[in-house]
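The values are calculated or read from the model by the stated rules, or taken from the named source; none is laboratory data. These numbers were taken from a predicted model, which means no experiment stands behind them. All Cβ positions, glycine included, derive from the backbone under ideal geometry; neighbour counts span all protein chains shown. The accessibility values were calculated without ligands, DNA or RNA, using every heavy atom of the protein model including side chains. Shrake-Rupley method; radii C 1.70, N 1.55, O 1.52, S 1.80 Å.
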Amino acid sequence: MNTVKIVRIPILPMHMVNSHLLVGPDGCILVDAGLPGSENKIKKALAKERLTFKDIKLIVVTHAHVDHAGSAAIIRELSGAPILAHEGDAKHFNRETPMTFCPTGWFGRLFIKTPLMLEPYIGFEPDVLLTKHDVINLERYGIPGVVKHTPGHTAGSVSIELASNEALVGDLVASGILLGGIVRTSHAIRPPFEDDPYTVARELTRLLDSGVEKFYMGHGGPLKASEIHRHAQTLMMLPKK
């Protein structure tokens, strides 16, 4: 089995916002593009791996929130790599429709009043658009793994499942405090916004059942399977509205 190196890129300090590079012997994939203006941080991370933008074979955007999609258009221009995303968030990627937010607690309700989540970014049309229950094999991009639809955080959220029993799940789960990161990063929490916690629990459980042992995320992390299991069980016990 080819070894894939997972490189975490801190877009904000203390792992409050992360992008990731998947570096394999036959390719490099960028998972999430960070906030607008993150291209220099991604360039530095590539340089540490002796890579450039031109080594990126694919850009996976896990969902349409600005801290994940904000620099996707400019990085596509710099790298020439296609963008892969899901149709469930397509109207948000192209800026046709503003995002909606379902706060998970007091921090989300406060955070939505700040300009960060509503910061505009350059809209784009994904080059590879997942529909319904498509599964995209990443071998063609040099990485042994697949991309699947994992809704719940947003309608179009996706995750990468690697052959190494590791997964990159965007914002299906966070860890730490507040936005995520900072401290207590081994403790799973709900992100500030989440469309449907029961769908999130179902998707996390499916990933666990498929054998995923380590979860990488956009805020905080990574987390072991046992902590993800605890979090999924907690979500299932939430009162239904």
For this session: Identify, by number, the condition in (1) surrounded by 15 or more Cβ atoms within 10 Å (Cβ to Cβ); (2) under 23 Å from Ala45 (Cα atoms); (3) without any contact (Cβ under 8 Å) to a residue 60 or more places away in the chain; (4) not small (Gly, Ala, Ser) that Lys148 doesn't meet.
Result: (2)
Exercise. Looking at (1) at positive phi; (2) among the charged types (D, E, K, R); (3) in contact with an Asp or Glu (Cβ under 8 Å, 6 or more places away or on another chain), which is the only condition Lys148 fails?
Worked result: (1)
Exercise. So Val23 fits all but one of (1) in contact with an Asp or Glu (Cβ under 7 Å, 6 or more places away or on another chain); (2) more than 19 Å from Lys148 (Cα to Cα); (3) not in a strand (DSSP E or B); what number is the exception?
Worked result: (3)
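Give the residues of segment 105-140 that are part of a loop (DSSP other than H, G, I, E, B), in contact with a Pro (Cβ under 7 Å, 6 or more places away or on another chain) and open to solvent by 40 Å² or more (accessible area, probe 1.4 Å), sorted by residue number. If you could, list the steps in order and put the result at the bottom.
Filtering segment 105-140 down to residues part of a loop (DSSP other than H, G, I, E, B) leaves 105, 112-127, 131-134.
Okay, now just the ones that are also in contact with a Pro (Cβ under 7 Å, 6 or more places away or on another chain), so 112, 119, 121, 127.
Matches in segment 105-140: Ile112, Glu119, Asp127.
Look at segment 211-241 and say how many of its residues are among the aliphatic types (A, V, I, L, M), part of a loop (DSSP other than H, G, I, E, B) and more than 19 Å from the chain's Cα centre (by Cα). Write out each step before concluding.
So in segment 211-241, the residues among the aliphatic types (A, V, I, L, M) come out as 212, 217, 223, 225, 228, 232, 235-238.
Remaining after also requiring part of a loop (DSSP other than H, G, I, E, B): 212, 217, 237-238.
Subset that is more than 19 Å from the chain's Cα centre (by Cα): 237-238.
Residues in segment 211-241 being among the aliphatic types (A, V, I, L, M), part of a loop (DSSP other than H, G, I, E, B) and more than 19 Å from the chain's Cα centre (by Cα): 2 in total.
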Exercise. What is the one condition in (1) more than 14 Å from the chain's Cα centre (by Cα); (2) in contact (Cβ under 8 Å) with a residue 24 or more places away in the chain; (3) within 24 Å of Pro36 (Cα to Cα) that Thr131 does not satisfy?
Worked result: (3)
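Only one of Ile112, Ile177, Ile136, Ile182 is touching a Gly at 6+ places or on another chain (Cβ under 8 Å) and either under 21 Å from Leu30 (Cβ atoms) or not basic (Lys, Arg) (or both); which?
Numbers: Ile112 fails: touching a Gly at 6+ places or on another chain (Cβ under 8 Å); Ile177 fails: touching a Gly at 6+ places or on another chain (Cβ under 8 Å); Ile136 fails: touching a Gly at 6+ places or on another chain (Cβ under 8 Å).
Unique residue meeting the criteria: Ile182.
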Seminar exercise, completed: Leu51: passes all of (1) without any contact (Cβ under 8 Å) to a residue 60 or more places away in the chain; (2) in a helix (DSSP H, G or I); (3) of a type in the set (A, V, I, L, M, F, W, C); (4) surrounded by fewer than 17 Cβ atoms within 10 Å (Cβ to Cβ) but (2)
